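The values are calculated or read from the model by the stated rules, or taken from the named source; none is laboratory data. Remember, predicted model here, so these are calculated numbers, not experimental data. Cβ placement follows ideal geometry from the backbone for every residue including glycine, while neighbour counts extend to all protein chains displayed. For accessibility, only protein heavy atoms count, side chains too; no ligands or nucleic acids. Shrake-Rupley method; radii C 1.70, N 1.55, O 1.52, S 1.80 Å.
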Amino acid sequence: MNNEVKVDFGMTERLRFREPELAKKIAKKIIKIAPKDELIKFCHVCGTHEWTITHYGLRSLLPSNIEVIAGPGCPVCIVPAAEIDEAVQIAKKGVVITCFGDVLRVPGSQKSLLEAKAEGADVRIVYGVSDAVRLALAEPKKEFVFFAVGFETTAPTTAVEVLKKPPQNFSFLSSHRLIPPAMELLLGVGDLQIDGFLAPGHVSVIIGMKPYELFPRVYRMPTVVAGFEPIDVLMGIYMLLKQNKEKKPRLENEYSRMVKWEGNTKALKVMDKAFKVIGSNWRGIGRLPDSALKLREELKAFDANEKFGIHVKQGKDILLGCECHLVIIGKIKPDECPMFMKACTPQKPVGACMVSSEGTCRVWATTSTRSK
Amino acid sequence: MCLAIPARVISIEGDKAQVDFGQGVLKGVNITLVETKVGGYVLVHAGYAIQTVDEKEALETIDLWNEILSTGIE
């Protein structure tokens with residue numbers, strides 16, 4: 001077998017996980033196992049999955065009755081305008097806002113952080129929270145806030161830094177959100193009719209498999225945790241189709257090289273120590289119970305909302321004509337929005353889904369292989 | 001945002017490690033959240049190692065894929 005896949009874990013390893021021959025074989029198996037006329041709709045909830053699917057043109061390998069839709073998998077897209085407004089208001093007080101690059105252009109009710117920066121606010125992009133802390137240590141006379149956006153993959157990094165007791169001039173604006181409540185919401189959207197979940201690999205690295213147990217058990221929903229190389233995603237789809245055919249919904253792990261049943265227990269412990277789970281708003285979705293992370297009472301000194309007394313209750317999430325709220329829950333595809341690549345482009349985004357490199361609209365806008 | 005990339009640990013000092021992403025890309029990352037050793041592989045997200053790569057599982061995954069290759073179409 002001269003085309004055998006070998007392992008070495010480095011850069012070349014990742015190329016192996018993109019073997020075209022293997023992809024073709026799996027695609028053939030998918031075609032073989034897929035029902036012939038019934039429409040099957042699988043949903044993923046991860047911007048990186050959408051990127052892999054779109055970038056490698058994986059939809060073109062699937063039979064036309066097998067659809068893979070994108071759910072609310074971009075943590076930047078679902079930050080409500082009210083929280084952007086809070087960051088802008090804090091920045092206006094002369095505080096340095098540090099954030100991930102994607103967050104900069106997300107629209108607030110009036111303006112984005114980028115627009116605030118153009119007006120003179122000090123907004124700086126960082127690679128991660130520890131870089132933000134380093135900036136604060138270097139300039140002790142200035143106040144620094146880290147705008148902590150991200151799902152369970154990112155939340156432990158915030159937790160570690162806050163538990164290390166960062167410098168006095170440093171605080172956090174926590175916008176962390178949790179994925180399983182959003183998946184549960186999708187099952188309640190009557191006309192969406194999902195036939196299976198491709199669960200997000202890197203969120204699962206942290207939370208493990210257990211939080212997904214209810215999907216096959218309570219909702220009889222096939223659920224497969226999958227990685228992010230094209231072969232991972234195709235295998236995930238194949239495993240979902242197999243469950244569908246056997247009519248035996250269960251929870252399976254395609255990404256076992258990274259995802260353990262119990263997740264990363266160390267990370268879960270620090271998250272629990274730093275945060276309490278609260279109900280919160282998601283852009284385009286509304287209020288979801290038990291879906292966000294807020295710093296615990298004893299860490300109040302590092303909570304930017306408390307420190308600067310800024311609490312914005314409501315913001316303007318969706319502009320007139322923008323259909324991000326339907327794209328976010330997978331009800332429409334980006335090119336079904338009348339603004340897509342007309343009034344709303346990567347250069348001048350109207351909605352949040354066009355901003356982040358993992359927003360569904362942005363992924364579609366920057367890839368030509370998006371359609372079947 | 002949840003992008004995470006595997007890298008090999010080159011050296012460790014306290015809770016920091018120097019890792020190699022391949023092709024000469026080296027970076028310092030925080031390893032508080034994992035237990036790793038020099039030569040091991042970690043998954044890096046936003047400057048933090050968030051998991052160690054399970055080499056045995058990776059080999060088994062690849063075995064599974066090879067099995068698919070060799071069995072052909074069902």
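Per-residue SASA remark: residue A:238, around 20 Å² accessible (1.4 Å probe; ligands, DNA and RNA not included). Ligands, DNA and RNA are left out, and with a 1.4 angstrom probe the accessible area of chain A is 40 Å² per residue.
Dipole check for region A:324-365: with +1 at the C-beta of Lys and Arg, -1 at the C-beta of Asp and Glu, and the Cα centre as origin, the magnitude is about 80 Debye.
Using Cβ point charges alone (K and R +1, D and E -1), the dipole size of chain A about the Cα centre works out to roughly 360 debye. Summarised in one figure, the compactness ratio Rg/Rh of chain B, Cα atoms and Kirkwood Rh, is 1.12. I'd like the FRET efficiency for residue B:13 and residue A:92, computed as 1/(1 + (r/R0)^6) with the beta carbon distance as r and R0 of 60 Å, rounded to 0.05. For residue B:13 and residue A:92, the calculated efficiency is 0.90. Charges were assigned to the Cβ only: +1 to each Lys and Arg, -1 to each Asp and Glu. The resulting dipole of region B:5-71 about its Cα centre is roughly 340 debye.
Amide H to amide H distances under 5 Å link residue A:69 with A:42, A:43, A:44, where only residues 5 or more positions off or on other chains count and H is placed in the peptide plane.
May I ask for the net charge around residue A:84, where only other residues with Cβ less than 15 Å from the Cβ of residue A:84 are counted and Lys, Arg are +1 while Asp, Glu are -1?
On the way: positive: A:92, A:105, A:111, A:117, A:177, A:283, A:313, A:316; negative: A:83, A:85, A:86, A:102, A:115, A:119, A:317.
Result for the local shell: +1.
So what's the net charge close to residue A:275: Lys and Arg +1, Asp and Glu -1, counting the other residues with Cβ under 9 Å from its Cβ?
Local net charge: +3.
Assuming a ≥ b ≥ c are the square roots of the Cα gyration tensor eigenvalues, decide whether region A:40-97 counts as rounded (a/c under 1.5), prolate (otherwise, with a/b larger than b/c) or oblate. In terms of gyration-tensor shape, prolate. In this calculation the C-beta distance from residue A:220 to residue A:269 is compared with R0 = 41 Å, giving a FRET efficiency of 0.80. Computed on protein heavy atoms with a 1.4 Å probe, the accessible areas place A:325, A:202 in the order A:325, A:202, largest first. Say each of residue A:276 and residue A:314 gets a label point 7 Å from the Cα, pointing the same way as Cα to Cβ; how far apart are those two points in nm? For residue A:276 paired with residue A:314, the spin-label model returns 2.6 nm. Taking a ≥ b ≥ c as the square roots of the Cα gyration tensor eigenvalues, chain A comes out prolate, since a/c reaches at least 1.5 and a/b is larger than b/c.
I'd like to check one number: the per residue accessible area of region B:5-71, probe 1.4 Å, reported in Å² as a whole number. Write down the numbers at each step before the final one.
Details: 3050 Å² over 67 residues.
Counting only protein heavy atoms, the per-residue value for region B:5-71 is 46 Å².
If you plug the beta carbon distance of residue B:27 and residue A:297 into 1/(1 + (r/R0)^6) with R0 = 41 Å, you get a FRET efficiency near 0.70. Placing unit charges on the Cβ atoms of the charged side chains and taking the dipole of region A:263-372 about its Cα centre, the candidate lying farthest along the positive direction among A:337, A:291, A:365 is A:365. Determine the share of region B:5-71's accessible area contributed by carbon and sulfur atoms, expressed in whole percent, with a 1.4 angstrom probe. That fraction is 50 percent.
Distance from the Cα centroid of region A:265-329 to that of region A:169-212 is 13 Å (rounded to whole angstrom).
Note on the protein assembly as shown: dipole from Cβ charges, positive end direction compared against A:166, A:314, A:125; the farthest Cα belongs to A:314.
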